[in-house]
Amino acid sequence: MTDATRATVIERRPINPFDLLARYGTVIALVLLIVFNLIFTTNFATLQTLNVNLTQVCTIVIVAVGMTLVIATGGIDLSVGSLMSISGALAPMVFMSKLFPIGNIYLAVALAIIIAVGVATLLGLFNGWLIARFRIQPIIATLVLFIAGRGIAQVMTNGQLQTFKVPEFQFIGLGRVLGIPFQVIVMLVLVIIAAWVIRKTVFGRQILAIGGNEKASGLSGIAVKKVKLVVYAVSGFCAGIAGLVVIAINSASDANLVGLGMELDAIAAVAVGGTLLSGGRASIIGTLLGALTIQLVRYTLLANGVPDSVAQVAQAVIIIAAVWVQQQGRSA
Amino acid sequence: AVPPLAKKDTYKVGFAQTESNNPWRLAQTASMQDEAKKRGWQLVYTDAAGSAAKQVSDVNSMIAQGVDLIFLAPREEVPLIPAIMAAKGAGIPVILLDRNVDQSLAKAGEDYVCFIGSNFIEEGQRVGDWLVANANGKTNIIELEGTTGSSPANDRKKGFDDVIAANPDFKILASQTGDFNRDLGRQVAETLLQAHPEANVIYAHNDEMAIGAISAVEAAGKVPGTDVLILSIDGGKEAVGLVVEGKIAAVVECNPRFGPKAFDTAVAYANGETIAPMIINPDQFYDATNAKELLPTAY
Amino acid sequence: MTRIHLARMVGSYGVLIALALLILFGYLRYENFLGLFNIMSVLRYNSMFALVALGMCFVIMTGGIDLSVGTVAALGSVAAAYASPYGPVAGVVAGVAVGLVVGLINAVMITRMHIMPFIATLASMLAASGTALLLANNRSVPVSYQSGFTELGQGNFIGLPIPAIIATIAFILGWLVLNYTATGRGVLAVGGSEESAKLMGLPADRIKTLAYVASGGLAGLAGVVLAAQFGAGQPIEGVGWELFAIASVVVGGTLLTGGVGSVGATLAGVLLLGILFTVLNFENGLGWISLSAYWQSVIRGAFLLVVVILQARLVAGETTRT
Amino acid sequence: MGEDLLLAMAGVDKRFAGIPALIGASFEVRRGEVHALIGQNGAGKSTLIKVLTGYHKKDAGSVSFDGKPFEVTSPQQAQASGISTIYQEINLVPYRSITENICLGREKRRFGLLDWGAMHAEAERLLARFNIKADVRRPVMEFSTATQQMVAIARAIGFDAKLVIMDEPTSSLDEREVGVLFDVIRQLKAEGVSVVFVSHKLDELYAVCDRVTIMRDGRTVRVAEISGIGKLDLVSSMLGREIARVEGHATAFTDRDPAKLGETLFAAEHLSAGSAVRDVSFSIRRGEIAGFAGLLGAGRTETARLAFAADKRSGGTMTLGGAPYDPASPIDAIAAGLGFCTEDRKAEGIVPDMSVAENMMLALMPKLAKSGIIDEARQRVVVEKFIKALSIKCSGPNQKIRELSGGNQQKVLLGRWLATEPRLLILDEPTRGIDVGAKGEIQALIKSLADDGLAVLMISSELEEVIEGADRVFVLREGLTVSEMTRAEASEDAIMAAMAEGSPEAAR
Ligand SMILES: Nc1ncnc2c1ncn2[C@@H]1O[C@H](COP(=O)(O)OP(=O)(O)OP(=O)(O)O)[C@@H](O)[C@H]1O
Ligand SMILES: Nc1ncnc2c1ncn2[C@@H]1O[C@H](COP(=O)(O)OP(=O)(O)OP(=O)(O)O)[C@@H](O)[C@H]1O
Ligand SMILES: [Mg+2]
Ligand SMILES: [Mg+2]
């Protein structure tokens, strides 16, 4: 590149401070939070703190990965929390042989995982079917399972807590590989796959195209319905996995509570991560950072003894600030 | 005065439950339903899903259906008053279960028959008293509160905190809500243990959060019962079992099996007996000294 | 070729037909279902949701959404409870005022800071809840029974529950505003195509601001009714009201994408979903099957499913061009 | 001279994200004149207008209107000050009725409430000026693009404005309707209203305008009396270079050798769907450009959509390459070798937030991918080839398509289909809203594609384009094929006659 062309490039795109803020806004927020904690929060700079935060953020990230894809198509999935509870209710019923007897515990656990995640995926597919086939608006279509899904899980278990001690299964939530919690590995794998799909595959591009202009996508030969079906199924799949992680850590499955409020946490993580709710864009890494930011905010408030009521207000302010800063960079 | 209850062989009674999202409530509902079945009474059951407003509307629909008597487990002290008054106006006696209502607005023996239940403040006090007596130098407390704004959370906190305030050796390092929820209780305990490594007592407002706290303590590489004393309220079987194992140090019972007492009271009222305005359940206290022996009787 | 008209009519009349069928079902199956006591109690209770849904309806017609209505109602009830000793007017002013303030904050975030309504109101939902708990010190705040404030919730006027009268007046005003004022038409225009509306010279931001402020104010008013009806400001009430309101609005045929909507059908939607609860309660009372609360949510979900699928099919049947 | 100036803009600068769209542009309009504003795609015409009406904020410059300095921050204020505007992309609210679209912003009231009766009457009255009778209570989205355009114009006229700005009002109108519009413009002029008229159709300028301002690359390069400037002069000022054109041709289509046409590639018999398409039959041969002519709403777009399976047909059969062709969706159509460039660029063409490259690769992407993974390198080659071949003006393949001017967006979409190497390419209004330079390029391109054996179905409301470009013309009227003409038969008079009153019998 010659000096002259470089000069014109700079002339055309002057560096905008907000641009930087927007692109790295979430990272900057994260760094600021960490610095704050290093100064004010006792016992912060330890490996255990990292461990606590990573394991606590896992389920949100896993769900938010699916949510990011859904949102990229211009949709939304309110049912994720309920799907988590269904998956969480089903798995113990299988591996504790409540549904049918299974001799081998490894087989039982494998079946439990497959059935639980499979059902969640199918229910996600059902969401997609409502949306693609009947053109029901996503908020309403997924509101159906948001309401009914938890009810189904509660009916299945009669609302009772299922407790268990099955280390083979609980490895999902408590195990470690090379010192890294297994659930964190699951989370990272999902994040990497999803980021790769969005960036590098035809499917990813089609998701973004549908979110950007559904009619144009259809006329360009994209199987809009199929893509939507798959995307909602993936969201169900992620919720199914997240449900298993939650019950594995707690050695108990409570259909009433597993995944309660998860939809809002996941959506907030996606938004703070810089993905527009209107569709057409997706940043999986952003979602990861968004979730980490929200998690760290929570950690900070809890660790410093801020009462719940004040913490709610603080979280609200921080979500808005994060989203606003990103918006600034875009519109400038 | 409270409307009378005619003497009959069987009754159609209402039970307005607050919510069904925790084991304690489920046990309470089951106890009521079993008792109704045993006596051959018809039970009209509603669930307010945690909303006081919906509970009032539930009571109203029971009134519309013409039940003979209403068992009400009020969500809150004040907002359920209109329901009690509506029932009274419709000539239907009401018996309150497990939570009372504001006595300045409605009175037992006048607006409703009576209150049967536990005293949440006292529960907190009993835990506090036990800790003061058995602390063995463990004085740095983390408190896991119930759902913010709910009356058991407020009262169990008040009872406990008052005892602690009177004993200057003890210190509450942090007090945060775990929403009566095992998963959240665990997460909050993890965070608070991390921020306050010197903590050696965890007081949880219910069993679920206490069990979550055990996981948190173990995840932090500490031994529950040895490094950290865990205290709880409710005293379900799982928790009492953990007392036997030594993971929970002590737990106050808050027995949800209301059925027999509630129905007996209704029959007594129909018979014209005088009913005490407050019937407090005798609740157990479990610790290492008695847990093993009492485990079979825990609910 | 009145596809859109037909679709809209199906949306509006469909919900009315469903409502009529549900009421008929209740009347035939249960004793006292149409008894005076039950009617009054259903109207009294559902007025709060009607107020919230009315505001939501306007917001949705602009193409937005307001998730904060439930916790704003809770906040409003706390404010009204504190003001209740000074009489009903003071209570109303206090409750509505906090609602208006939150609505204004929502509007500023959405129109000035260009934050998506879903996120903006999600944040204010959290913030309003936190503020309500702070104000109320985590407890219910009893209202004054002496000042006449509770009449707003518990009283009757010409034989009708006062909350129902308040809601009816609000809906008549809402209907007039939507159909007979420039602002009302502007709401639909902005929802239909914001850019077009702006280029046409409509004050899009002002219209959206009005919608969110109205929604906040109505939620605050619902909070006043809540406090008056149950005798306490309740910081933890209002959970899930936003979803109930959204469902009512959509069942009433209003498009979530904005631009098309009906105030009357929204009211029918509220009653439809509200009466469903009552029907479930009565069904339990029959003693045939004791529906646990869990089955109730499954049934409610299934009911919503049937209604929206029917609606979608009727609309799709009339629309060929994709 | 100064006192009869209604509008004077001088030294106007406007940048988008640092990229200049206007550089010291100036623009003056006298009272009671019809003033043409022309320039290539992306010259800055629409931007200049949006700056004037306060939709965009200008970075520098001065504006005076009606003798006073003019500072507005919203279209609403501009409207209130007497400037009413029809923007380039039709800007109506689709779900709302014609009446609302016409009367929004100046509602009629009685007792403080809207007087619907009076508003409907007003809407009907205004539409009547354009010889349009329509149920004004129905949502505008139910009407054809042309009617919508007329509604937008009626709306603008309805304000008692001193200045009416029309940004490419005729791009979706047919000749008859353009005639009606010109009558209205002349009436306005007679009433002393000034009109700014933006168009790429040069003949129209000569028909109705008094003066012309020419823009190029964000600058005002020339202002002249229209009577004092020749077409060639006009075009070369616009393009900034001398151009030689074949006299006697209004388009870039040159004569073609009928002998080169191959056998029939595509044939449709008795297509029908709803009331828009009742009975349409046509065929296209290899290497042939078939044209669809017809008035607006004749059903041309609908027919094309049926062939592409964008809509379901209710009757009729189709063959492709001799074999039965029965696609279930656009996916099948594309697989069979069809391409379809839609008339509504904004709604059905571009994905605004995606880059030029991504937009262009949308249809081809699956083919260029290896087991579902995008092959960036191969894509880049294709994209760069088409950017060059179509001379698309953009900062690079990664620029967002929404930042491009309308004409350049259209070229990207053309590239999207050409990249799939189709056998039959359907082009619905391919040169709508495109400047003469680009238009000529696109027309020449269509011709050379056909010369290479591609079958093209071209729908155009510009008669010249159909007459000079098409080897065979099918005339549609009210959902029926009413006439089929060879190049030799297709004269302007013959087509117009068929469009207006042809009957199906004449077709065979
Ligand atoms: N909102 C916008 N954001 C970024 N760039 C823009 C925007 N609007 C216009 N531009 C750019 O400004 C320049 C001028 O565009 P404008 O639409 O004014 O051209 P035009 O003369 O109206 O062209 P056409 O004849 O194709 O309509 C173009 O380079 C275009 O890409
Ligand atoms: N979205 C729509 N809703 C209702 N009717 C429509 C719609 N689009 C087109 N029509 C009707 O279908 C008929 C054919 O329209 P079509 O767009 O195919 O005409 P066309 O000849 O292609 O004209 P144009 O030049 O406007 O594209 C017209 O009567 C029109 O009013
Ligand atoms: Mg333009
Ligand atoms: Mg057309």
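The values are calculated or read from the model by the stated rules, or taken from the named source; none is laboratory data. Note that the structure is predicted; figures quoted are calculated from it, not measured. Note that each Cβ is placed from the backbone with ideal geometry, even for glycine, and that neighbours are counted across all protein chains shown. Quick note on the areas: whole protein, heavy atoms, side chains included, nothing else; ligands and nucleic acids left out. Shrake-Rupley method; radii C 1.70, N 1.55, O 1.52, S 1.80 Å.
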Exercise for review: Under 16 Å Cα to Cα from A:K98, which lysines show up? Leave out anything in the same chain fewer than 8 places away.
Suggested key: A:K165
Check your understanding: Out of the DSSP beta bridges found with both residues in chain D, what percent are antiparallel (nearest 5)?
Key -> 55 percent
Revision key, fill the gap. At q = 0.11, 0.17, 0.22 1/Å the base-10 log of I(q)/I(0) from the Debye formula over the alpha-carbon atoms of the range C:1-139 is -0.61, -1.02, -1.22
Point to revise | Counting all C-alpha pairs of chain A, share separated by more than 38 Å (%) | key: 19 percent
Practice item. Just tell me which lysines come within less than 30 Å, Cα to Cα, of B:K88; anything on the same chain fewer than 8 places away is out. Key: B:K7, B:K8, B:K12, B:K37, B:K38, B:K54, B:K107, B:K261
Practice item. In nm, give the distance between the simple-model label positions of D:K385 and D:A259, each being 7 Å from the Cα along the Cα-to-Cβ direction. Key: 3.1 nm
Check your understanding: Ignoring any ligand, DNA or RNA, what whole percent of the accessible area of the protein assembly as shown comes from carbon and sulfur when the probe is 1.4 angstrom?
Key -> 60 percent
**Study point:** Zero-based 10 Å bins, Cα pair distances in the protein assembly as shown, whole percents
**Key:** 1, 8, 14, 19, 18, 14, 10, 8, 4, 2, 0, 0
**Study point:** Per residue accessible area of chain D, 1.4 Å probe, in Å²
**Key:** 38 Å²
Check your understanding: Could you name the aspartates and glutamates in cross-link range of A:K200, using Cα to Cα under 18 Å and dropping any fewer than eight places away on the same chain?
Key -> D:D353, D:E358, D:D375, D:E376
Practice item. Work out the FRET efficiency for A:L47 and D:K367 from their Cβ-Cβ distance, taking R0 = 60 Å, and round it to the nearest 0.05. Key: 0.75
Practice item. May I ask for the accessible area buried between chains C and A, both sides summed, probe 1.4 Å, to the nearest 100 Å²? Key: 3500 Å²
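Any idea of the accessible area per residue across chain B, 1.4 Å probe, to the nearest Å²?
With the other protein chains kept in place, chain B gives 33 Å² per residue.
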Exercise for review: Among the listed pairs A:K225/D:K388; D:K346/D:K439; D:K50/D:K201; D:K68/D:K346; D:K231/D:K411; D:K45/D:K108, give every one whose C-alpha distance is greater than 27 Å.
Suggested key: A:K225/D:K388; D:K68/D:K346; D:K45/D:K108
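Of all the Cα-Cα pairs you can form in the range C:40-88, what percent are over 18 Å apart?
Working: 552 of 1176 pairs.
Within the range C:40-88, distances greater than 18 Å cover 47 percent of Cα pairs.
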Review point. Between B:K158 and A:S278, what is the label-to-label distance in nm when each label sits 7 Å out along the Cα-to-Cβ direction?
Key: 5.1 nm
Check your understanding: Taking every DSSP beta bridge that has both residues in the protein assembly as shown, what percent is antiparallel when rounded to the nearest 5?
Key -> 45 percent
Point to revise | Cα pair count fraction exceeding 33 Å, expressed as % - chain B | key: 28 percent
Revision key, fill the gap. Mean 1/r over distinct Cα pairs of the range C:3-321, inverted to a Kirkwood Rh in Å, yields 19.9 Å
Check your understanding: Amide H neighbours of C:T254 under 5 Å, counting only residues 5+ apart in sequence or on other chains, H built in-plane at 1.01 Å?
Key -> C:S262
Study note, to complete from the structure: Quick calc: nm separation of the 7 Å Cα→Cβ label points for D:I23 and B:E122 -> 8.8 nm
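Give me the accessible area buried between chains C and B, both sides summed, with a 1.4 Å probe, in Å² rounded to the nearest 100.
Rounded to the nearest hundred, the buried surface is 2600 Å².
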Practice item. Once every Cα of the range D:132-175 carries one equal point scatterer and solvent is ignored, give the base-10 log of I(q)/I(0) from the Debye formula at q = 0.14, 0.26 Å⁻¹, two decimals. Key: -0.36, -1.02
Point to revise | Neighbourhood net charge (15 Å Cβ-Cβ; Lys/Arg +1, Asp/Glu -1) for A:D265 | key: -3
Study note, to complete from the structure: Here the whole-number average of other chain Cβ atoms within 10 Å per Cβ of D:354-365 is 4
Exercise for review: Would you please give the FRET efficiency between B:K107 and B:A268, computed as 1/(1 + (r/R0)^6) with r the Cβ-Cβ distance and R0 = 22 Å, to the nearest 0.05?
Suggested key: 0.70
**Study point:** At 1.002 mPa s and 20 °C, Stokes diffusion of the range D:91-160 via Kirkwood alpha-carbon radius, µm² per second
**Key:** 181 µm²/s
Review point. How much of D:H120 can a 1.4 Å solvent probe reach, expressed as accessible area in Å² and rounded to 10?
Key: 20 Å²
Study note, to complete from the structure: Rounded to the nearest 10 degrees, the helix B:52-64 long axis (Cα) sits at an angle to the longest Cα principal axis of chain B of 20 degrees
Review point. What length, rounded to one decimal in nm, is gained on full extension from D:D135 through to D:R219, with 0.36 nm per residue of separation minus their alpha-carbon distance?
Key: 25.9 nm
